[in-house]
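Read-outs throughout are calculated quantities, based only on the coordinates presented, and are distinct from any laboratory measurement. A quick note: this is a predicted structure, and the numbers were derived from the prediction, not measured. All Cβ positions, glycine included, derive from the backbone under ideal geometry; neighbour counts span all protein chains shown.
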């Protein structure tokens, strides 16, 4: 097969890397890709924006692509899957209507309520004054969310009334016409990335992301500063409940609305101290950086599972096979992220890190001649596998310490919840 991967992040590097391990995959094209995908054997970058759907479809047709795997949420929300399907090109990723499960939090909440899925209580607002009145009545802590896509940074957990009111003003001022205000759920978060063909659901190993920029989970939200897998909070009993009470009812509700959802259904969950799971939000694509921690443990060829989803025969596949152990991914970011940051800083030490047994997935990078330079906020995702959590943590930070670029920043406490749980 020839496969086209849409996107330019660490997630897409990990997807291309994993797909190319299959003997059934002849070549990968990445649109637009990054410095890491440019260096993969049998992989070619094509410099198009992920929003340039017309030309992406043209490239797929010209190169006789057998399968398109869409990484980011933006092209899915713009209808890239619909367009590819119209041209008869197999695509892994929901249609534009299915992608509303991420692109509209209010739409998703209505769907989940119909399905009887446990969610946080809240209201949707188009008016700032009404939202502020509701916040004042409910009290804090409280959560304010942008209704549309915000690159993982559209959620504010406010600890004071003024902070919550400011969040409302900020979201309306940057152009969101709709916001959601919800109760603040207490507990521990876990990410469940599931694959579905619109009927059957297969969960991948559970992961835990670290959204905040600062150690100890402080500071503003980011796209994710690190992840580990499997997350010990997600016990087999909990995963069975998530499948029966959350994932399957959601897929059934989508189908009842006439939505043929084939792709990733990514549930961001909060697990209460009593062990009760509730959905914080759904995403319509692979998580980033969770993918960089989950896929290295997957032994079943990824292309086989994705094709089964596209061809609606996921239920015929045997159980997914996994490598034992733990994987940890640490994200290294540019100084200033998630705010303003500079680009073009030379990156060194990746080869040295990989000789120590880690895998470096590139995100915000590009090749400048024969130099690899920074080209984004989150630059690299360094992933290590160990027989247990402690071995993986030790190994990943040894790899991170080999890498350098001006202004490099990363959290030193990735996996701290798992360590606390263990102790």
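Structure notes:
- Taking a ≥ b ≥ c as the square roots of the eigenvalues of the Cα gyration tensor, the range 65-203 is prolate, since a/c reaches 1.5 or more and a/b is larger than b/c.
- Fewest-first sequence of 286, 125 by Cβ atoms within 10 Å of each Cβ: 125, 286
- Applying 0.36 nm per residue to the separation of residue 134 and residue 61 and subtracting their alpha-carbon distance, the gain on full extension is 21.2 nm.
- Note: relative contact order over the range 326-418, using C-alpha pairs below 8 Å and six or more positions apart, is 42 percent.
- Peptide packing for 131-140, 331-340 was compared via the average number of neighbouring C-beta atoms within 10 Å per residue; ordered from the highest value, the list is 331-340, 131-140.
- Selected from 321, 202, 412 as most flexible by GNM, with the chain as the system and alpha-carbon contacts under 10 Å: 321
- Ordering 170-179, 402-411 by mean Cβ neighbour count within 10 Å, with the highest value first, yields 402-411, 170-179.
- When both the range 124-187 and the range 278-338 are represented by their alpha-carbon centers, they are found 30 Å apart.
- The calculated pair-distance distribution of the range 2-96 uses every alpha carbon pair, bins of 10 angstrom beginning at 0, and gives 18, 56, 25, 1 percent.
- Of the three principal axes defined by the Cα atoms of the range 122-183, the extents in descending order read 27, 20, 18 Å.
- Look at 222, 383 and count the other Cβ atoms within 10 Å of each Cβ; fewest to most, that gives 222, 383.
- Inter-probe distance in nm under a simple model that places probes 7 Å from Cα toward Cβ, at residue 113 and residue 177: 2.1
- Relative contact order for the chain, counting Cα pairs under 8 Å that sit 6 or more residues apart, in percent: 16
- Separation of the range 236-254 from the range 31-71 is 33 Å, based on Cα centroids.
- Most mobile of 238, 247, 19 in a GNM of the chain (Cα contacts under 10 Å): 238
- Ratio of Rg to Rh over the range 219-355 (Cα coordinates, Kirkwood Rh, two decimals): 1.01
- Taking label points 7 Å from Cα along the Cα-to-Cβ direction, residue 342 and residue 87 give a separation of 4.0 nm.
- Taken over the C-alpha atoms, the chain has Rg and Dmax values of 20.5, 59 angstrom.
- Choice from 368, 209, 82 showing the highest fluctuation, given a GNM over the chain with Cα pairs closer than 10 Å: 368
- Computed over the range 93-219: relative contact order in percent, which uses C-alpha pairs under 8 Å that are six or more apart: 22
- Shown for 30, 184: other C-beta atoms within 10 Å of each C-beta, ranked fewest to most, produce the order 184, 30.
- Each peptide in 35-46, 265-276, 370-381 receives the mean, over its residues, of other Cβ atoms within 10 Å, and ordering these scores from highest gives 370-381, 35-46, 265-276.
- Within the chain, helix-based [θ] at 222 nm, where runs of 4 or more DSSP H residues each add -39,500 (n - 2.57), nearest 500: -8500 deg cm²/dmol
- Bridge type composition, the chain - antiparallel percent by DSSP, nearest 5: 80
- The range 190-229 and the range 82-114: distance between their alpha carbon centers, rounded to Å: 20
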